[in-house]
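To start, the structure itself, in structure tokens.
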Amino acid sequence: MDAQEFKQRFMPHYKLLYRVAYHLTGNAQDAEDLLQDMYLKLWQKRDDLPNEAMKEAYLVTMMRRLFIDQRRLKHIDASAELKEELSPPDERNLDHQMDTKDEAQQMEGLISELPERDGKIIRMHLIEDRSYEEIEQDTRLSQGNIRIIMMRTKQKLKQQFIKITKTWTN
């Protein structure tokens with residue numbers, strides 16, 4: 001199946017699938033991510049899909065299963081983090097915690113050096129864990145602009161952070 005045929009078969013169901021994803025996640029950004037994951041999965045299995053895969057019921061069921069699988073993975077990750085936090089500290093763990101704290105302080109310093117708008121947006125998204133929709137309401141920028149600012153700011157911070165960590169290791 002080529003891209004054109006894929007679009008003809010599955011894109012007409014986009015609005016329904018988005019509504020289902022939004023209902024499952026309760027968040028526009030998470031719904032978009034879930035929908036994107038689903039279309040990716042469909043694309044990867046496009047040649048092995050049964051004929052009923054074009055039916056809405058099949059696609060909605062697939063969406064629900066993908067959502068449940070993702071929640072399970074997040075739950076497993078959270079319980080692994082909890083076990084790690086509850087384990088007794090050893091010397092390596094304490095060194096790691098100190099390094100992490102130093103890195104966080106360095107990153108906060110880099111964020112504070114950013115232009116005001118970029119720093120505000122990165123704090124809202126990464127530190128306050130706010131969705132693009134919420135940031136859009138506060139900043140009056142479009143979600144597309146916010147995504148571009150986030151991408152460019154993350155790249156800039158990553159480059160600056162790499163420079164700093166290279167000086168630590170030298």
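Quick note: the coordinates plus some simple rules give every number you see, no bench work behind them. This structure is a prediction, so every number in the text was calculated from the model and none was measured. Methodologically, a virtual Cβ is constructed for each residue, glycine included, from the backbone with ideal geometry; neighbour enumeration extends over all protein chains shown.
What does the highest-first list of 118-124, 152-158 look like by mean Cβ count within 10 Å?
Answer by packing, highest mean first, reads 118-124, 152-158.
Using per-residue counts of other Cβ atoms within 10 Å, averaged over each peptide, order 2-8, 28-34, 59-65 from highest down.
My ranking of the peptides, most packed first, is 28-34, 59-65, 2-8.
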